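Values in this text are rule-based calculations from the coordinates and carry no lab data. Every value quoted in this text rests on a predicted model; they were computed, and no experiment measured them. A quick note on method: Cβ atoms are made from the backbone with ideal geometry, for glycine too, and the neighbour counts reach across all protein chains shown.
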Amino acid sequence: MMRYVIVLLLLFPLLPYQPDTVDTEEPCNGEVALCDRLYTEVTFAETHNAHSTLDAGFLIYAANHRANMMNQYDAGIRAFMIDAHHADPELLGEADTAFCHGSSATPFHPCAYGSVNAVELLSNLHAKMNETPRDVVTLLFEVAVPYSHLEYILAESGLLPLVHVQPLGMPWPTLGEMVDSERRLVVFIEGRADAEFPFLHDFSTHGWTTNYAEESVEEMNCAYHRGDPSQPVWHLNNWLADEIGLSDWTKAPQANAYDFLLDRAIECWRVQDHRPTFIAVDWWTEGEVVNVTRTLNAMEHWSHSPPERATTD
């Protein structure tokens with residue numbers, strides 16, 4: 001019997017054991033490595049006035065982008081600044097909430113320059129999030145409606161069950177934890193927190209921002225502008241304005257250029273000793289904010305050399 005065993009071994013040499021396994025690791029926001037990082041240890045591409053786009057019908061002097069929020073999402077942007085108003089000064093119900101861009105200080109209603117139905121836009125966002133179930137998303141609302149209206153539009157769009165609640169002063173969860181808990185939407189507001197709406201986080205107590213709407217890239221810096229600088233969540237605002245304060249699309253190719261934006265983000269990471277949580281831009285199609293955040297997220301420290309240029313192509 002032993003002779004037959006030896007013959008078989010000679011005919012079929014023993015090979016290293018290779019178990020039939022499959023790599024079950026799944027990415028968070030596009031990268032497996034990001035799953036174990038805290039929310040505050042990731043840099044997200046963000047659009048300022050994300051809803052205010054030319055293709056959504058906003059007038060040129062009220063628009064901040066060419067392409068709409070769903071195009072932004074498809075490009076890899078996962079944080080959106082949005083302005084919530086009543087669609088009409090005579091219509092003040094929850095269902096009349098719209099996303100507009102204008103000043104109440106002018107004779108014209110903010111929605112006179114363009115508007116998007118809030119429930120419709122957030123429902124489209126919900127559909128996009130369902131297509132990317134392992135991505136964490138952030139909204140920052142500028143609020144000109146009661147908080148109950150924000151709750152309504154989040155509920156009607158199906159987003160409310162996904163909203164994360166972050167106790168002030170507690171460490172943020174990892175992206176993986178947020179995905180696993182199915183609480184992967186963070187909502188900030190420009191307004192005071194209200195215990196009745198714990199999912200609406202006052203961005204000025206949960207974070208801070210740099211200045212914004214300078215007239216040239218030479219004026220941009222890394223200094224604290226508003227909010228609580230002790231918080232790890234912060235927005236690196238990176239858009240330029242013209243001489244009357246309107247978003248200037250002609251300057252976007254310079255402000256959003258890969259090399260300039262990457263160098264600025266790394267320098268501000270060095271100055272603040274913490275990576276920017278968000279890089280917020282206007283005219284996102286003019287430049288490479290998503291590629292810049294991908295490069296930053298491949299770096300563990302500002303002093304490390306940036307890896308080979310990341311790309312969404």
Translational diffusion of region 26-297, µm² s⁻¹ [Kirkwood Rh, Cα pairs; Stokes-Einstein; 10 °C; 1.306 mPa s] = 85
Over the chain, what relative contact order in percent results from Cα pairs under 8 Å that are six or more residues apart?
-> 17
5 Å-binned pair-distance histogram of region 71-157 (Cα, whole percent) | 3, 14, 24, 24, 16, 11, 5, 2, 0
Work out which GluC sites (Glu not before Pro) in the chain are exposed loop sites (DSSP not H, G, I, E or B, at most 15 other Cβ within 10 Å) and give the longest gap free of them.
-> 91-181
Computed label-point distance, nm, for sites GLU25 and ALA127 using a 7 Å Cα→Cβ extension = 3.4
Along the charge dipole of the chain, which of THR53, LEU262, ALA193 sits closest to the positive end, that is, farthest toward it, with unit charges on the beta carbon of Lys, Arg, Asp and Glu (+1, +1, -1, -1)?
-> LEU262
Förster-model FRET efficiency, 25 Å R0, ASP273 and LEU168, C-beta, rounded to 0.05 = 0.75
Helix 258-272: inclination vs the chain longest Cα principal axis, degrees, rounded to 10, gives 90
Can you figure out the FRET efficiency of TYR258 with HIS225, using R₀ = 22 Å and their beta-carbon distance, to the nearest 0.05?
-> 0.35
For the chain, the longest principal axis of the Cα atoms and the Cα long axis of helix 2-11 enclose an angle in degrees, to the nearest 10, of 50
Under 5 Å, built H, 5+ apart or other chain: amide partners of ARG134 = none
Gap separating the Cα centres of region 196-252 and region 165-194, nearest whole Å = 20
Taking a label point 7 Å from the Cα of SER216 along Cα-to-Cβ, the residues of region 233-254 whose backbone nitrogen sits under 11 Å from it are none
Hey, what do the phi angles of region 68-80 turn into as Karplus ³J(HN,Hα) couplings, whole Hz, using 6.51/-1.76/1.60 and θ = phi - 60°, x for Gly and Pro?
-> 6, 5, 5, 5, 4, 4, 4, 7, x, 6, 10, 9, 9
Cα→Cβ-extended label distance, 7 Å offset, between THR250 and SER303, nm | 4.3
Loop chymotrypsin sites (Phe, Trp or Tyr not before Pro), region 103-142 (other Cβ atoms within 10 Å of the site Cβ: 15 or fewer; DSSP) = PHE108
About the Cα centre, charge dipole magnitude for the chain (Lys/Arg +1, Asp/Glu -1 at Cβ), debye = 860
Distance in nm between ASP194 and SER148 label points, each 7 Å along Cα→Cβ, equals 0.8
Among the chymotrypsin sites (Phe, Trp or Tyr not before Pro) within region 55-85, which fall in a DSSP loop and have no more than 15 other Cβ atoms within 10 Å of their own Cβ?
-> TYR61
On a 0 to 90 degree scale, rounded to 10, what angle separates helix 118-131 from the longest Cα axis of the chain?
-> 10
